[in-house]
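The values are calculated or read from the model by the stated rules, or taken from the named source; none is laboratory data. Nothing here was measured: the structure is a model prediction, and the numbers come from that model. Reconstructed Cβ throughout: ideal geometry from the backbone, glycine too, with neighbour counts over all protein chains shown.
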Amino acid sequence: MNRTLVSTLLGPVALALAHAASGQAPGDPPGETTGLQEIVVTAQKREQNLQDVPIAISAIAPDYIEKHQITTITSLTSLAPNLKIDPAGANQTTSTIAIRGNVQGNPQLYFEPSVGLYLDGVYIGKAQGSIFDVADIERIEVLRGPQGTLYGRNTVGGAVNIIAKKPSGEGGKVEASYGNFDYWRVRGSLDLPRFGFFSAKLSGQMAERAGFYDVAGNPATDEAQTLDSKSVMLQLRAEPTEALVLDYVFDLSVVDQQAGYGAPISGVGTLAPYVFPRKRPENVSFNSPNYEYARNHGHALTAALRFGDAATLKSITAYREQTYHDALDLDGSPLSLGLSSRDTRYRQLSQEFQLSGRAARLNYVAGLYYFEDDGFVFNPQSFFNGFSRVDSRFGFTTRAYAAYAQGDYELTDSLTLTAGLRYTDERKTIERYFARLAPVQAVVINLPDGAAPDASFSKLSPTATLAYKINPDVNVYARYAQGYRSGGFNGVSTTVADVLTQFQPQTQNSYEIGLKSRLFDNHATLNVAAFWDESKDLQLSVFRAVTSAASTVVNAGAARVRGIEIEAGARPVESLFLQAAFGYLDAEYKRYIDAGVDVADNRSFPYAPKYSFSTSVQWTALQRDFGKLDLIVDLSRLSGYYQSAAALRPASPTEIDAHNTHSPGRTMLDARAILSEFPMGGLKGELSLWGRNLLNEDDPQFFIDFGANFQRLAVAYFPDPRTYGMTLSVRF
């Protein structure tokens, strides 16, 4: 790394170490303040103070979540360094989560995530359907770096934990919002009175919005990228004894809306007149239905039995199911160059047994884990005004077993050694049917369930950390961790050989050093991490539109990603809270074999922006008997990045050019003014005025390049335009 980056890292570290060496904290700043809020997290399967966890982790506290009205993961991009979360193109309910350059670039069901997403401890198995609303969130944790030991498969980039507020036995909230584009949302939660040892809570939300794009000449719709979502969560808690707690959660989310719009930014021949500049348009024209419907629901039962203060035995049983339908105009023009639809069903079942506790100087957690899922996708496609039509279907199953253990042993009062190991064994099956319907009918692939050999993988995932507490407020750590991403089959391949060829698991070794500090009598925090990740059999999604719009997962070979992350927070006076985060990434392939040739120096590295920066300022401008006024400004900047692994210097006209899928990055400015705690008929009210993307950022953030066989078609998807509105809420 160059001198500037070393200085970036060493400057904050020197500040924290100098503070630690002084052996004392200065007095409170003028106008005594209460200091920063302590945040308790469960990232390592037990409760710990955020600042005491020896890994790179960001936590979003309840106050921040409330003031920013966060209900879904797409609001998190600017809240942690080297984190990027966006919808996957037209599919507004499918997430693309990238942490430290690890990403699932292909939303198809057969492809595994690289970042684990968890709702109240339950793993969400697929990216499809993973953007859903949780009406009443208590906390969100973002763990960066491989989490293979405690979280298991498909966490090479990290993990995101969403924790909903538990029943409390009293109170509730009702909220209504209205904004431009005829946006409205109602949200509420109700804690029912406690009955004996039972308590219950009901929460939910409904939201609608007109489209961001006006559509001309389409009999199916006159707008694109609308919003129509509903969600509900029922939580039941039973505490029959002081030692036993039972939690049942049911959640349901339904989305039925016009899908996102992909504007053609490249094309030749008949497509050329419809090509847009690389800026978000307002008025568009396409000629086919463009919608998505997603229904997700889940059941989870968690039983926790405490054996005094010594240990806790926990069982987490969960079942989730998804139904998904969409129809997409792939070319975004009045031409029928590419039309696609999907009917999808997906189910998953998981069971985890977990034992955690403390014995003398040892904190430990150990567990057994089982996961199974199955899915089926029917995906007919039509190209070139129906001249070419295909019938594409695939199905799959997964069975995975794991055992893990991790312990933190206090070698001295200041020095702690953490070691852990997880063993995972999994088996996958595939079924595939692919037929050409026009211009000539032909069954190309017919592999029913059981016809293809199973894929079997097993993996050991170790971790080790040495943490040293310089004083009660400053600690440093060095960490090694390994994660792995499951292998499998290419479900939408168009030849038998490609379907039967398994892609291998991706293994990632991570080396990290970090510092965590509370400064100035807990009026400031400063956390720094530097990491070096090495990947073997790196999984990448390569779009190959030949006879259909299909992506193939390839093992690129080897890659190295290194970087720095800095997070800081401060409350210099009681009325002012400041937050900032900075991330740096340097990603490169060490080996990338394509058709027997190493092209490592001629392939773009997807979702690895060089820099990311965010800052948030919250100022209590007024506090009187009639209420409190808070002003909040959030600013974030993401540097340019490539979306796909493509040729930086195409060697032939048939190669996809990486620059077609390059985003220049984006700068986002949000603001809100909140008047809270004002009386409303004996209750407490809150009124907020808010604006998002106030700079009206309109550079593309997601792309699909169809290549030479489809008239050089490339389409781009854009961030939401400037939105603004007001929200009124009342607590009771």
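Can we say A658 is over 28 Å from R731 (Cα atoms), over 25 Å from the mean Cα position of the chain (by Cα), modelled with pLDDT under 95 and hydrophobic (A, V, I, L, M, F, W, C)? When the stated conditions are applied, A658 does not pass them.
Listed by position, the strands (runs of 3 or more DSSP E) contained in region 665-730 that have at least 3 residues being at pLDDT below 95, of a type outside the set (G, A, S) and in contact with a Phe, Trp or Tyr (Cβ under 9 Å, 6 or more places away or on another chain) are 666-680, 702-707.
Please determine whether any residue of region 492-500 is over 30 Å from N385 (Cβ atoms), crowded, with 16+ Cβ neighbours inside 10 Å and touching a Lys or Arg at 6+ places or on another chain (Cβ under 7 Å). For region 492-500, residues over 30 Å from N385 (Cβ atoms), crowded, with 16+ Cβ neighbours inside 10 Å and touching a Lys or Arg at 6+ places or on another chain (Cβ under 7 Å): absent. Among the numbered criteria (1) under 30 Å from V103 (Cα atoms); (2) in contact (Cβ under 8 Å) with a residue 24 or more places away in the chain; (3) over 31 Å from the mean Cα position of the chain (by Cα), which one does L683 miss? Failed condition: (1). Considering only region 241-250, I want to know if a residue exists there that is in contact with a Leu (Cβ under 6 Å, 6 or more places away or on another chain), assigned to a loop (DSSP other than H, G, I, E, B) and either hydroxyl-bearing (S, T, Y) or buried (at least 20 other Cβ atoms within 10 Å of the Cβ) (or both). No - not one qualifying residue is present in region 241-250. Scanning region 631-662 for residues that are surrounded by fewer than 21 Cβ atoms within 10 Å (Cβ to Cβ) and part of a strand (DSSP E or B) gives L631, I632, V633, D634, L635, S636, R637, A647, D657, H662. Of the residues making up region 474-505, those that are without any contact (Cβ under 8 Å) to a residue 60 or more places away in the chain and not in a helix (DSSP H, G or I) number 10. Within region 346-396, being under 22 Å from L109 (Cα atoms) and in a loop (DSSP other than H, G, I, E, B) holds for N379, P380. Out of G569, G583, one residue alone is buried (at least 23 other Cβ atoms within 10 Å of the Cβ), of a type outside the set (A, V, I, L, M) and more than 30 Å from P439 (Cβ to Cβ). It is G583. Tally the residues that are among the small types (G, A, S) and touching a Gly at 6+ places or on another chain (Cβ under 7 Å), restricting the search to region 633-673. Result for region 633-673: 6. Look at region 324-344: where a residue is assigned to a loop (DSSP other than H, G, I, E, B) and a partner is of a type in the set (D, E, K, R) and crowded, with 22+ Cβ neighbours inside 10 Å, sitting 6+ places away or on another chain with Cβ atoms under 6 Å, you get L337/D331. Of all residues in region 41-89, those being assigned to a strand (DSSP E or B) and either at positive phi or not hydrophobic (A, V, I, L, M, F, W, C) (or both) number 6. Would region 104-114 turn up any residue that is outside any loop (DSSP other than H, G, I, E, B), out of contact with any His (no Cβ under 6 Å at 6 or more places or on another chain) and either farther than 29 Å from R427 by Cβ or of a type outside the set (D, E, K, R) (or both)? Looking for residues that are outside any loop (DSSP other than H, G, I, E, B), out of contact with any His (no Cβ under 6 Å at 6 or more places or on another chain) and either farther than 29 Å from R427 by Cβ or of a type outside the set (D, E, K, R) (or both), one finds none in region 104-114, hence no. Looking for something charged (D, E, K, R) and part of a strand (DSSP E or B) - is there at least one such residue anywhere in region 261-280? Scanning region 261-280 turns up no residue that is charged (D, E, K, R) and part of a strand (DSSP E or B).
Quick one: is T667 within 24 Å of the chain's Cα centre (by Cα) and surrounded by 17 or more Cβ atoms within 10 Å (Cβ to Cβ)? In short, no.
Surrounded by 19 or more Cβ atoms within 10 Å (Cβ to Cβ), of a type in the set (G, A, S) and closer than 23 Å to D699 by Cβ - does that describe any residue in region 265-283? The answer is yes; a qualifying residue exists. When residues in region 148-198 are screened for being surrounded by fewer than 21 Cβ atoms within 10 Å (Cβ to Cβ) and either assigned to a strand (DSSP E or B) or in contact with a helix residue (DSSP H, G or I) (Cβ under 9 Å, 6 or more places away or on another chain) (or both), 21 of them pass.
Residues in region 319-340 that are closer than 20 Å to S285 by Cβ and touching a Leu at 6+ places or on another chain (Cβ under 8 Å): A327, L328, D329, L330, D331, S333, L335, L337, G338, L339, S340.
Taking S315 as the residue in question, decide whether it is in a loop (DSSP other than H, G, I, E, B), more than 25 Å from I131 (Cα to Cα) and either among the basic types (K, R) or out of contact with any Pro (no Cβ under 9 Å at 6 or more places or on another chain) (or both). Judged against the criteria, S315 is not a match. Confirm whether A272 is of a type in the set (G, A, S) and either touching a residue at least 60 places away in the same chain (Cβ under 8 Å) or under 30 Å from S199 (Cα atoms) (or both). No: the conditions fail for A272. Anything in region 190-240 that is closer than 30 Å to L335 by Cβ, of a type in the set (V, I, T) and at pLDDT 95 or above? List them, or say none. Correct list: V215, T226. Among the residues of region 521-540 satisfying the criterion of being modelled with pLDDT under 95 and of a type in the set (A, V, I, L, M), which is surrounded by the most Cβ atoms within 10 Å (Cβ to Cβ)? The qualifying residue surrounded by the most Cβ atoms within 10 Å (Cβ to Cβ) is L538. Taking the criterion of being polar (S, T, N, Q) and buried (at least 21 other Cβ atoms within 10 Å of the Cβ), the residues of region 290-335 that qualify are N290, N296, Q322, S333.
Taking every residue in region 382-396 that is among the β-branched types (V, I, T) and pairing it with any residue that is surrounded by fewer than 21 Cβ atoms within 10 Å (Cβ to Cβ) and not in a strand (DSSP E or B), at least 6 positions away or on another chain, the pairs with Cβ-Cβ distances below 9 Å are V390/P380; V390/T494; V390/T547.
Criterion first (part of a strand (DSSP E or B), among the aromatic types (F, W, Y), within 30 Å of F394 (Cα to Cα) and in contact with a Ser or Thr (Cβ under 7 Å, 6 or more places away or on another chain)) does Y118 satisfy it? No. Filter region 397-429 down to the residues that are surrounded by 15 or more Cβ atoms within 10 Å (Cβ to Cβ) and among the acidic types (D, E), then identify the one that is nearest to N471 (Cα to Cα). Only one residue fits best here, namely E410.
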